[in-house]
1. Which count do you get for residues in the stretch 104-129 that are within 30 Å of residue 89 (Cβ to Cβ), free of Cβ contacts under 8 Å to residues at least 12 places away in the same chain and surrounded by 12 or more Cβ atoms within 10 Å (Cβ to Cβ)?
2. State the number of residues belonging to the stretch 110-149 that are within 23 Å of residue 79 (Cα to Cα), in a loop (DSSP other than H, G, I, E, B) and of a type in the set (S, T, N, Q).
3. Among the residues of the stretch 1-39 satisfying the criterion of being at pLDDT 80 or above and not in a helix (DSSP H, G or I), which is surrounded by the fewest Cβ atoms within 10 Å (Cβ to Cβ)?
4. Among the residues of the stretch 59-109, write down those that are closer than 19 Å to residue 13 by Cβ, outside any strand (DSSP E or B) and hydrophobic (A, V, I, L, M, F, W, C).
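The values are calculated or read from the model by the stated rules, or taken from the named source; none is laboratory data. Computed from a predicted structure; not experimentally measured. Backbone-built Cβ (ideal geometry, glycine too); neighbour counts: all protein chains shown.
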Amino acid sequence: MDEHIIYADMSSQLKFLLPAFSQFSSDHGFSIVDSRCLGRYPRARVEKVTDVIVYFDLWMCLDAEGNRYEAFFETIPFDLGAGVYVDLNHEPPHGRRYGVAFPIWERRPFSSITSEEMVRAMEQSLPTLGEWNVEKLKANGQLSMLRPH
């Protein structure tokens, strides 16, 4: 079977969480990122753009050997994480990204994830994420160089 079809089928398993992502986004000023922009591997992301970008990411983990899963099963592990970043001086070679990322949960079996628990975890993370601004990211965030497209 074509890899694109396999990952599309696996991503379809996330559909039951989309209403929760949508409600969270509406309640807190976030937007759902088009999953086609996130790659083929199953992943869902919401972000809020102000002077910094705040995001939450739910993604399917890799297996113990660091390889992608090729079939969905009920206990397949997912991570939920959050972060904040800012891109400065967008033109290469001077483009820089300052960011921080925080795990919310790691390797949670898919069958144990509920919409309510996910939204509660995201809402509980908002105060910590809200502490980050451009100055704090420049002083304490991880620096990475932006590459030309």
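1. Start the filter on the stretch 104-129 by keeping residues that are within 30 Å of residue 89 (Cβ to Cβ), which leaves 125-129.
In the following step, the residues that additionally are free of Cβ contacts under 8 Å to residues at least 12 places away in the same chain were identified as 127.
This time we only want the ones that are surrounded by 12 or more Cβ atoms within 10 Å (Cβ to Cβ), so: none.
Within the stretch 104-129, residues that are within 30 Å of residue 89 (Cβ to Cβ), free of Cβ contacts under 8 Å to residues at least 12 places away in the same chain and surrounded by 12 or more Cβ atoms within 10 Å (Cβ to Cβ) number 0.
2. So the answer is 1.
3. This residue is 34.
4. The answer is 61, 62, 71, 72, 73, 76.
To keep it simple, each residue is scored yes or no on (1) in contact (Cβ under 8 Å) with a residue 40 or more places away in the chain; (2) within 17 Å of residue 131 (Cα to Cα); (3) of a type in the set (D, E, K, R).
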| residue | (1), (2), (3) |
| --- | --- |
| 28 | yes, yes, no |
| 32 | no, no, no |
| 36 | no, no, yes |
| 39 | no, no, no |
| 48 | no, yes, yes |
| 51 | yes, yes, yes |
| 80 | yes, no, no |
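Quick grid of which residues meet (1) crowded, with 18+ Cβ neighbours inside 10 Å; (2) of a type outside the set (A, V, I, L, M, F, W, C); (3) more than 16 Å from residue 39 (Cβ to Cβ); (4) out of contact with any Gly (no Cβ under 7 Å at 6 or more places or on another chain):
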{"residue": "52", "(1), (2), (3), (4)": "yes, no, yes, yes"}
{"residue": "55", "(1), (2), (3), (4)": "yes, yes, no, no"}
{"residue": "71", "(1), (2), (3), (4)": "no, no, yes, yes"}
{"residue": "86", "(1), (2), (3), (4)": "yes, no, yes, yes"}
{"residue": "95", "(1), (2), (3), (4)": "no, yes, yes, yes"}
{"residue": "98", "(1), (2), (3), (4)": "yes, yes, yes, no"}
